[in-house]
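> Have a look at this one before I ask anything.
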Amino acid sequence: MDGLLQFLKDLFFLLSINSAEDIPKLLAYLAPLVITWTIFRRIKRKGSQRSTEKMQAAAQTGAEPATLHPIIDYNKCLGCGTCVTACPEGDVLGIINDKAFLVNPSHCIGHGACKAACPQDAITLVFGTARRGLDIPVVKPNFETNVPGIFIAGELGGMGLIRNAIEQGRQAMDYIMKKPGVGKGNALDVVIVGAGPAGFAASLCALKNRLRFVTIEQDSLGGTVAHFPRGKIVMTAPAELPIYGKVNFRETTKESIMALWQEVAKKTGVRINYMERMENITKTDDGFILETNKHRYLTKNVLLSIGRRGTPRTLDVPGEDLPKVTYSLTDPEQYRNQKVLVVGGGNSALEAAHSIADEPGTSVIVSYRGKAYSRAADKNIQKITDHEAAGRIKVLLESEIQAIKPDSVEISHGGKVHRFKNDAVIICAGGVLPTPMLKKFGIEIETKFGTA
Ligand SMILES: Cc1cc2nc3c(=O)[nH]c(=O)nc-3n(C[C@H](O)[C@H](O)[C@H](O)COP(=O)(O)OP(=O)(O)OC[C@H]3O[C@@H](n4cnc5c(N)ncnc54)[C@H](O)[C@@H]3O)c2cc1C
Ligand code: SF4
């Protein structure tokens with residue numbers, strides 16, 4: 001508003017209004033200006049309203065940023081919106097009453113493009129918030145933790161993004177292969193845990209340098225990238241994949257990255273033990289025993305490249321190991337014409353349920369232990385209620401899964417066990433975060449409450 005007043009003063013001066021005859025001339029200049037200004041303010045007000053609604057919906061679910069995220073210095077912020085446009089994830093920042101806000105914290109993945117774009121240097125990137133601290137393991141520049149022989153690379157160490165994870169996986173392995181004792185004795189040189197970008201790059205490096213190694217992965221190749229929504233635009237930067245060479249991706253899709261990694265895995269023959277989960281590490285005199293759900297490995301070093309998203313919480317019911325059971329939704333289309341059970345009452349469960357119910361021919365059951373959805377956004381609850389009214393979703397609150405069979409599920413509800421025909425089960429019961437396990441291994445952790 002100050003800017004407009006100054007502009008009007010300048011205009012009066014420039015037009016040198018001296019007499020009443022000059023007033024129509026002045027109005028002819030002013031009218032379009034006032035109209036444009038009014039439209040501009042209205043658009044801004046609407047944007048502000050939308051951002052406030054988004055921020056309130058996120059606050060309602062207790063959403064917090066998963067990794068590095070921006071905080072804004074309101075003494076410097078002009079509300080220009082450059083940061084909003086710069087963010088590749090789209091709906092993370094918003095302008096409310098002429099200031100930038102983190103309106104969708106859990107969608108922030110730490111690109112840092114907002115900080116680089118801000119002309120006022122008003123943005124700082126931090127870990128954790130005052131309300132919820134973020135546990136970051138303490139690692140040395142060579143990626144070794146305070147436990148000699150245990151290394152951490154990738155997002156688990158704090159720095160997210162695909163390129164960083166690839167670089168760190170490679171650099172950590174460069175260090176490990178130069179350690180004394182590598183290549184000698186009966187123990188493996190290294191066990192690599194996780195086959196996301198960090199663990200995949202580390203495995204290729206280990207293969208290239210003929211280390212005696214095993215890579216285990218509780219799920220499938222690609223880590224978090226494999227679970228991006230279908231067609232997601234991925235912003236990354238060129239990185240060096242051992243054996244393959246330079247990967248020149250900048251803006252690409254999830255599918256292109258996954259196709260490249262599958263191709264590299266096939267061509268190089270790198271061995272990854274899928275569906276194998278690390279469960280414990282015990283120190284021995286000259287290394288570690290690493291226990292998984294399938295084997296025990298004797299190893300001199302361990303590289304933890306397990307990301308920050310943890311291990312999905314299981315229900316521990318009969319039949320949970322059937323191939324039709326998954327722990328996240330990647331592509332609703334794959335469930336067309338199927339009978340799907342979604343377990344859980346949070347946003348992931350409700351989003352999975354209503355997006356599958358939108359697909360033709362589906363019928364969806366939502367089973368949740370609670371009496372009501374406690375941590376889900378209103379818009380998701382509303383969509384479930386609408387679908388329920390239209391007969392596309394059946395909701396069973398205060399229910400529990402008893403067994404999963406190849407073509408049915410058994411659910412206890414209202415004092416009885418009911419059997420429903422079923423083609424697929426998606427369990428969204430949250431995750432077990434890696435921090436308690438790291439602490440058990442003796443790894444030092446620092447909790448950050450909104451600091452760099
Ligand atoms: C929605 C979303 C969008 C994103 N978009 C982008 C983007 O556009 N550009 C970008 O650069 N980054 C993006 N990221 C961030 C990027 O995906 C991560 O920073 C990157 O995948 C981290 O790689 P990582 O190898 O460290 O961990 P992860 O990719 O998380 O891989 C860790 C692997 O370890 C496995 N694991 C975990 N625990 C165990 C265990 N106990 N035993 C065996 N295996 C285990 C997991 O199954 C997983 O496969 C995005 C993230 C999200 C969530
Ligand atoms: S780019 Fe900087 S000045 Fe502009 S809205 Fe964002 S934080 Fe504020």
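FYI, it's all coordinate maths here, none of it is from the lab. From a predicted model like this one, the values you see are computed outputs, not experimental measurements. Neighbour counts are summed over all protein chains in view; Cβ atoms, including those assigned to glycine, are modelled from backbone coordinates with ideal geometry.
> Could you check the spin-label model distance between LYS294 and LYS266? Points 7 Å from the Cα along Cα→Cβ, value in nm.
2.1 nm
> In segment 355-396, which residues have a backbone nitrogen under 11 Å from the label point lying 7 Å from GLN60's Cα in the Cα-to-Cβ direction?
Flagged as within label range: 375-383.
> Using 0.36 nm times the number of residues separating GLN338 and ASN280, minus their current alpha carbon distance, what extension gain do you get? Display every interim value, and only then the final one.
On the way: separation 58, 0.36 × 58 = 20.88 nm, distance 3.81 nm.
Gain on stretching GLN338 to ASN280: 17.1 nm.
> Still on this model: Can you find, among HIS387, ILE427, GLY370, the residue sitting farthest towards the positive end of the charge dipole of segment 318-432, where Lys and Arg contribute +1 and Asp and Glu -1 at Cβ?
Checked the options; the winner is GLY370.
> What does DSSP give for the chain in terms of the percent of beta bridges that are antiparallel, rounded to the nearest 5? Provide the component values of the computation, followed by the final result.
Values: 43 of 72 bridges.
The antiparallel fraction comes to roughly 60 percent.
> Also, I was wondering about something else. Provide, for segment 2-126, the number of lysine pairs with alpha carbons under 27 Å apart, each pair being eight or more places apart or on different chains.
Taking segment 2-126 as the scope, the lysine pair count is 18.
> Considering only ALA28, THR38, PHE288, whose Cα is most displaced toward the positive end of the charge dipole of the chain, charges sitting on Cβ of Lys, Arg (+1) and Asp, Glu (-1)?
Going by the Cα projections, it comes out as PHE288.
> How far apart, in nm, are two points set 7 Å out from the Cα along the Cα-to-Cβ line at ASP121 and at ALA372?
5.0 nm
> Let me ask something additional. Return the unpartnered cysteines for the chain, using a Cβ-Cβ cut-off of under 4.7 Å.
Lone cysteines by the Cβ rule: CYS77, CYS80, CYS87, CYS108, CYS118, CYS205, CYS428.
> Still on this model: Please work out how much length the chain gains when fully extended from LYS76 to VAL417, using 0.36 nm per residue of separation minus the C-alpha to C-alpha distance, in nm with one decimal. Walk me through the numbers before you get to the answer.
Details: separation 341, 0.36 × 341 = 122.76 nm, distance 6.05 nm.
Working it through step by step, the gained length comes to 116.7 nm.
> How much length, in nm to one decimal, is gained on full extension between VAL34 and LYS246, taken as 0.36 nm per residue of separation minus their Cα-Cα distance? Intermediate values should be presented prior to the final figure.
Values: separation 212, 0.36 × 212 = 76.32 nm, distance 5.44 nm.
Roughly 70.9 nm would be gained on extension.
> Next question, about the same structure. Summing -39500 (n - 2.57) over the DSSP H runs of n ≥ 4 in the chain and dividing by its residue number, what mean residue ellipticity at 222 nm do you reach, to the nearest 500 deg cm²/dmol? Please report the intermediate quantities before stating the final value.
Working: 10 runs with 133 residues, N = 452.
Taken over the chain, the calculation gives -9500 deg cm²/dmol.
> From the phi angles alone, apply the Karplus equation (6.51, -1.76, 1.60; θ = phi - 60°) to segment 100-112 and give each ³J(HN,Hα) in whole Hz, x where the residue is Gly or Pro.
Values per residue, Gly and Pro as x: 7, 9, 7, 8, 10, x, 6, 8, 6, 10, x, 4, x Hz.
> On to the next question. Quick check on segment 234-380: of the DSSP beta bridges with both residues there, what percent are antiparallel, nearest 5%? Walk me through the numbers on the way to the answer.
On the way: 14 of 19 bridges.
Antiparallel bridges: around 75 percent, rounded to the nearest 5.
> Of the options LEU188, LEU260, CYS118, report the single residue whose Cα projects farthest towards the positive end of the charge dipole of the chain (beta-carbon charges: Lys, Arg +1; Asp, Glu -1).
LEU188
> Hey, got a sec? Which GluC sites (Glu not before Pro) in segment 372-437 land in a DSSP loop and have at most 15 other Cβ atoms within 10 Å? Could you put the intermediate results ahead of the total?
Values: sites: GLU388, GLU398, GLU400, GLU410; in loops: GLU398.
Hits after loop and neighbour filter: GLU398.
> Segment 25-79 to segment 132-165: how many Å between their Cα centroids?
37 Å
> Explain nothing, just the number: dipole magnitude of the chain about its Cα centre with +1 on each Lys and Arg Cβ and -1 on each Asp and Glu Cβ, in debye rounded to the nearest 20.
On the way: 56 positive and 46 negative charges, 82 e Å.
Dipole magnitude for the chain comes out near 400 debye.
> May I ask what percent, to the nearest 5, of DSSP beta bridges between residues of segment 325-432 are antiparallel? Could you put the intermediate results ahead of the total?
Numbers: 12 of 27 bridges.
Taking every DSSP beta bridge with both residues in segment 325-432, the antiparallel ones total about 45 percent.
> What whole number of Å gives the distance from the Cα centroid of segment 359-432 to the Cα centroid of segment 275-342?
For segment 275-342 versus segment 359-432, the Cα centre distance is 23 Å.
> Please order SER305, SER399 by the number of other Cβ within 10 Å, starting at the fewest.
Values: SER305 32, SER399 19.
Lowest count first: SER399, SER305.
> While we're looking at this one, here's another question. Which order do the peptides 101-109, 26-34 take when ranked by the mean count of other beta-carbon atoms within 10 Å per residue, highest first?
Sorting 101-109, 26-34 by mean packing, highest first, produces 101-109, 26-34.
> Under 28 Å between alpha carbons, and skipping anything fewer than 8 positions from LYS178 in its own chain: which lysines qualify?
LYS140, LYS208, LYS246, LYS266, LYS267, LYS283, LYS300, LYS439, LYS440
> Going by how many other beta carbons lie within 10 Å of each one, how would you line up ILE445, ILE150, fewest first? Let's see the in-between values first.
On the way: ILE445 14, ILE150 23.
Neighbour counts put them in this order, fewest first: ILE445, ILE150.
> Ranking TRP37, TRP261 by Cβ neighbours within 10 Å, fewest first, what do you get? Please report the intermediate quantities before stating the final value.
Working: TRP37 14, TRP261 22.
The order, fewest Cβ neighbours first, is TRP37, TRP261.
> Follow-up question, since we're still on this one. How many nm separate the modelled label positions at THR314 and ASP331, each set 7 Å beyond the Cα in the direction of the Cβ?
2.7 nm
> To the nearest 20 debye, what charge dipole does segment 325-432 have about its Cα centre, counting +1 at the Cβ of each Lys and Arg and -1 at the Cβ of each Asp and Glu?
On the way: 13 positive and 13 negative charges, 67 e Å.
Here segment 325-432 has a charge dipole of around 320 debye.
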